[in-house]
Structures are given as structure tokens and as C-alpha cells.
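These notes are about the structure you will find just below.
The values are calculated or read from the model by the stated rules, or taken from the named source; none is laboratory data. The structure displayed is predicted, hence computed values, not measured ones. With ideal geometry, Cβ positions are generated from the backbone for all residues, glycine too; neighbour counts draw on all protein chains shown.
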DNA sequence: CGGCATCCGGGAAGATACTG
DNA sequence: CAGTATCTTCCCGGATGCCG
């Protein structure tokens with residue numbers, strides 16, 4: 001290790017800061033570097049290991065991930081935690097303040113889906129699909145629904161609860177839910193956001209459905225995308 | 001101009017994109033580059049010229065500002081507009097969709113002021129001070145207030161209206177407001193966010209006050225900063 | 001395999017000087 | 001005043017390798 005690296009890593013403030021009292025500028029100092037906010041997004045539904053993050057952010061390189069995790073930890077946004085042995089692997093978990101960044105993710109997401117350039121058919125991580133449901137829920141449509149919906153997306157399992165006009169999502173066993181959807185995140189996104197008919201996705205083997213199909217028909221209407229903004233002239 | 005520049009500017013997608021369907025990731029593709037969101041912030045209260053932006057973002061370099069303005073225009077977030085002659089100078093103005101980014105600025109700002117590292121004594125542009133009032137207003141304290149407050153910050157003038165529990169701010173003539181504050185943005189920020197006594201700022205010649213001093217005493221309590229998050233252990 | 005450190009190439013950001 | 005040209009610095013991304 002070179003001396004330069006010692007000074008620059010010890011004094012993390014050698015990073016380019018905006019030097020601006022505005023809270024927005026400070027937010028960018030904290031989480032404005034490339035990948036930082038997407039790492040936070042991936043941790044939003046609970047702790048993950050280094051390798052999980054690499055898998056869910058396929059285009060990040062290991063050294064950048066290391067740098068970001070260091071920086072976010074130093075700023076108190078996430079913590080390293082060592083799981084009890086055996087298998088005492090390390091996980092990264094948001095702090096309480098880190099979890100409070102969820103509105104940032106939602107506000108950005110809601111605004112950007114109005115972009116004419118937004119392409120909802122791109123790949124998608126399981127976490128961002130689940131987060132998108134919390135972001136895009138239509139309160140007017142949720143009234144009167146009380147249901148549990150399970151998801152199996154790759155190796156990850158989630159349980160959503162819709163009740164009292166609210167949507168909560170957490171990692172958890174889908175078993176026993178009123179409706180269970182299985183398949184890659186893009187397939188579920190195609191059904192909910194792309195308007196692709198369920199039957200077509202099932203026929204392709206892309207989507208598995210168990211349980212209340214009437215609920216499913218309603219489910220795919222609960223998360224409307226906002227209208228596109230006018231494209232640039 | 002070189003051929004390379006033509007291809008890279010025509011095909012703006014040579015930029016590093018996240019390639020992720022998640023709206024949050026797309027937002028970062030749109031406004032995640034350095035300085036982009038601060039440029040949007042500076043335009044939030046109306047159009048500005050190139051030189052205004054340089055003055056209000058003192059540490060941005062001219063070529064980066066040019067690149068960002070080009071990119072934001074290509075994405076439909078802002079427009080170039082030529083003012084009617086004489087003095088037919090060019091200004092940059094947010095599109096309707098661009099103005100809708102205000103919640104992003106507010107959400108980031110609110111979250112980041114909880115950072116242990118946030119330093120509210122740093123320099124501040126007039127626009128970000130005005131935006132901060134919209135962000136930080138305490139609805140519980142605004143009830144029953146109906147007032148017009150004017151600001152003279154450097155060469156810029158603003159008029160704030162507090163009524164019906166809402167705060168609106170626009171560029172405009174402070175004359176005739178119930179209260180008029182004059183001085184650099186840092187001085188006004190010191191009074192509102194730093195708890196520095198008005199008398200001290202006036203004695204220093206940093207702050208000028210005209211009009212209703214009782215309203216001023218109340219005004220400085222209307223924008224409480226959120227509690228700090230626990231500092232990293 | 002998870003968690004890094006290191007080296008390298010390309011490109012974005014910063015600073016300064018220059019032009020219409 | 002509104003940008004452009006150029007140069008330097010530094011960040012990002014990819015590959016490789018070390019170590020528990």
C-alpha cells in the first residue's frame with residue numbers, strides 16, 4: 001500500500017465535495033457517487049452479503065463495490081455485521097438513517113418513469129421490483145383489498161401485504177399467501193407494467209401462478225405507471 | 001470539432017448507463033452525473049443565463065456546465081430559449097417535467113440534513129436558500145400565518161408568501177412585503193438554521209431588516225432542521 | 001468463495017487559456 | 001458574456017492475484 005492511499009483513505013474527504021451548505025448538495029456528497037444509491041436500494045429489504053450485491057448489480061466491479069461499501073459505512077449509512085458462527089459470513093445492513101433513504105429512491109423512481117427514454121423491459125433485480133410496487137401503488141385502487149401475495153424470484157422469496165390502503169413488502173416465505181407468483185423479475189414486471197397478458201407469460205413458462213387468479217387480475221392493475229412527459233422537441 | 005465529438009454528442013448513449021429497468025436507476029442515468037441535479041436546483045425558480053449558473057455554482061467549470069446543459073436539454077429536462085431582442089441573450093429554462101424534479105431535491109435535502117457530516121455554515125446560493133424554505137417548512141407552525149416576506153440576496157430578489165399553511169416562493173420585487181430581509185444567503189441561513197441572533201447579524205452589518213420585527217422573530221422558527229442521525233460508531 | 005488490494009486503460013471532471 | 005480547446009488529474013471499470 002502506498003502512502004498516498006493511506007492519506008486518501010483515512011481522510012476520505014479528499015473526495016470531490018460540492019462544498020455547499022444546501023442539503024441537496026450534501027446528499028450528493030453522501031450518495032451521489034456512481035452505484036451508491038443502487039447499493040442502498042439493494043439493501044432496502046434487508047442485509048446482504050458482498051456476493052449478493054455483486055449478483056444483483058451485475059455491472060458493478062468488485063473494487064468499486066468495496067469502495068462504496070467503505071464510504072457508506074464511514075458516513076453511517078450502512079454497517080458491516082458478522083453473522084454468528086457457523087458460517088460467520090459478513091453482511092451489509094443499512095442503519096436506521098440509511099433505511100430512511102427509501103423516499104429518495106421512490107421520488108427518483110416516480111419522476112424517472114415519466115422519462116420518454118425509460119425502458120421498462122431492461123433487466124431488473126428482485127429487490128427493485130419489490131420496491132417498485134411500494135413506489136407505484138395507486139392508493140385509489142387499493143381501497144378494500146386485504147390480501148397476502150407471495151413472490152418467488154430466483155432464489156429470493158418475498159411476502160407482500162395489501163391492507164388498509166397500504167402495501168408492505170418484506171423478505172419472507174410465500175407459503176400460505178392468497179396468491180403466489182414465481183418467475184424472473186422481468187416476467188412479473190411485464191405482467192404488471194408492460195401489460196403483457198398473464199396467459200402468454202404462463203404459456204411461455206416465464207411465470208408461475210398459484211392461488212387466487214381473480215386477485216391476480218386485480219393485482220396487475222394496482223401499479224399504474226405515470227404518463228410520459230413530452231419528448232424533447 | 002473532431003469527428004469523435006460528433007459521434008459522442010450525437011449518440012449521447014455512449015455515456016455509462018446502468019442498463020436497469022428500475023426507475024431509480026433510470027433517474028440516475030438522467031440526472032446522476034456530477035453537477036446535473038444542482039443545475040436543476042438553480043433553475044428551479046426560473047430561467048437563468050450561462051453566466052448566472054457559473055456564478056451560482058462557483059466550482060463548476062465551463063466545459064462541464066456546457067456538457068450538462070447539452071445532456072439535460074437532449075433528455076427534455078430543460079430548454080434553451082432566446083430572449084426577445086434587444087439583449088437577445090440565451091437562457092436555460094426547465095421544462096414542465098424538469099420542474100417536477102422539485103420533490104427529488106426536497107427529499108434529498110431533508111434526508112441529508114440528518115447527516116452528522118452536514119455543515120450548514122458552508123456557502124449557499126440564493127436559490128438553494130429559497131428552496132430550503134420550501135423543503136424545511138414546519139406545517140404545524142405555519143397555521144394562522146398570512147404574510148408576505150421579501151428577500152434581497154445579492155442582486156437577486158424574491159418574494160415569499162406564507163398562507164393557508166403553505167409556503168410559496170418566486171423571484172419578484174420585495175417592495176411592499178410585511179418583512180424584507182437583505183444580505184448574503186449565509187447570513188439569512190445563519191439566522192434561520194444556525195440560531196444566530198438577529199441583533200448580532202445586524203450589528204455585523206450582515207443582515208438588513210425592514211418591516212415587521214415580530215414577524216421576523218416568528219419567521220426564524222418556521223424551518224426547523226431535523227434531528228441528526230446517530231454518528232457512525 | 002468472500003473480501004479485498006493492485007495494476008492498467010479509458011474517460012469524465014477540473015483548471016486554465018483562448019475565441020467570437 | 002458565452003462558450004471552446006487543451007492539458008492534467010482522478011474516477012471508473014476490468015482483470016488479476018492474494019489471503020483467510
TODO: Being surrounded by fewer than 18 Cβ atoms within 10 Å (Cβ to Cβ) and under 19 Å from the mean Cα position of the chain (by Cα) is the filter here, so list the residues in the range B:15-43 that pass it.
DONE: B:34
- [ ] Tell me which residues, restricted to the range A:120-133, are out of contact with any helix residue (DSSP H, G or I) (no Cβ under 7 Å at 6 or more places or on another chain) and more than 8 Å from every other protein chain (Cβ to nearest Cβ).
- [x] A:130, A:133
Open item on the list: If I filter the range A:73-83 down to residues being assigned to a loop (DSSP other than H, G, I, E, B) and under 26 Å from residue B:36 (Cα atoms), which single residue comes out as nearest to the other protein chains (Cβ to nearest Cβ)?
Closed with: A:76
Task: Top-ranked residue of the range B:62-72 - restricted to ones that are within 13 Å of chain A (Cβ to nearest Cβ) and closer than 27 Å to residue A:106 by Cβ, ranked as farthest from the chain's Cα centre (by Cα) - done: B:71
Open item on the list: If I filter the range A:29-61 down to residues being without any contact (Cβ under 8 Å) to a residue 12 or more places away in the chain and within 11 Å of DNA strand C (Cβ to nearest atom), which single residue comes out as farthest from the other protein chains (Cβ to nearest Cβ)?
Closed with: A:51
- [ ] Could you figure out which of (1) more than 16 Å from DNA strand C (Cβ to nearest atom); (2) farther than 20 Å from residue B:156 by Cβ; (3) in contact (Cβ under 8 Å) with a residue 24 or more places away in the chain; (4) within 7 Å of chain A (Cβ to nearest Cβ) isn't true of residue B:103?
- [x] (3)
Open item on the list: Name the residue that is nearest to residue A:112 (Cα to Cα), counting only residues in the range B:62-96 that are within 15 Å of DNA strand C (Cβ to nearest atom) and surrounded by fewer than 13 Cβ atoms within 10 Å (Cβ to Cβ).
Closed with: B:66
TODO: Starting from residues that are over 15 Å from the mean Cα position of the chain (by Cα) and part of a loop (DSSP other than H, G, I, E, B), keep the ones in the range B:133-153 and report whichever is surrounded by the most Cβ atoms within 10 Å (Cβ to Cβ).
DONE: B:145
Open item on the list: Residues that are at pLDDT 95 or above, at least 2 per element: which helices (runs of 4 or more DSSP H) completely within the range A:1-46 meet that?
Closed with: A:23-31, A:36-43
Open item on the list: Filter the range B:208-233 down to the residues that are crowded, with 17+ Cβ neighbours inside 10 Å and farther than 27 Å from residue B:165 by Cβ and list them by number.
Closed with: B:229
Open item on the list: Need the failing condition index for residue B:46 against (1) surrounded by fewer than 21 Cβ atoms within 10 Å (Cβ to Cβ); (2) within 12 Å of DNA strand D (Cβ to nearest atom); (3) over 14 Å from residue A:18 (Cβ atoms), just the number.
Closed with: (2)
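Quick grid of which residues meet (1) at negative phi; (2) more than 16 Å from DNA strand D (Cβ to nearest atom); (3) part of a strand (DSSP E or B):
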position	(1), (2), (3)
B:71	yes, no, no
B:91	yes, no, yes
B:111	yes, yes, no
B:131	yes, yes, no
B:174	yes, yes, no
- [ ] Taking residue A:178 as meeting all but one of (1) touching a helix residue (DSSP H, G or I) at 6+ places or on another chain (Cβ under 7 Å); (2) within 25 Å of residue B:77 (Cβ to Cβ); (3) surrounded by fewer than 22 Cβ atoms within 10 Å (Cβ to Cβ), write down the number of the exception.
- [x] (2)
Task: Set A:164, A:204: member being under 26 Å from residue A:122 (Cα atoms) and surrounded by fewer than 15 Cβ atoms within 10 Å (Cβ to Cβ) - done: A:204
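To keep it simple, each residue is scored yes or no on (1) modelled with pLDDT of 95 or more; (2) farther than 13 Å from residue B:223 by Cβ.
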{"site": "B:131", "(1), (2)": "yes, no"}
{"site": "B:134", "(1), (2)": "yes, no"}
{"site": "B:154", "(1), (2)": "no, yes"}
{"site": "B:157", "(1), (2)": "yes, yes"}
{"site": "B:160", "(1), (2)": "yes, no"}
{"site": "B:163", "(1), (2)": "yes, yes"}
{"site": "B:169", "(1), (2)": "yes, no"}
{"site": "B:173", "(1), (2)": "yes, yes"}
{"site": "B:178", "(1), (2)": "yes, yes"}
Open item on the list: Being at pLDDT 95 or above, touching a strand residue (DSSP E or B) at 6+ places or on another chain (Cβ under 9 Å) and either in the same structural domain as residue B:15 (by TED's automatic domain parsing) or under 23 Å from residue A:19 (Cα atoms) (or both) is the requirement here; does residue B:83 meet it?
Closed with: no
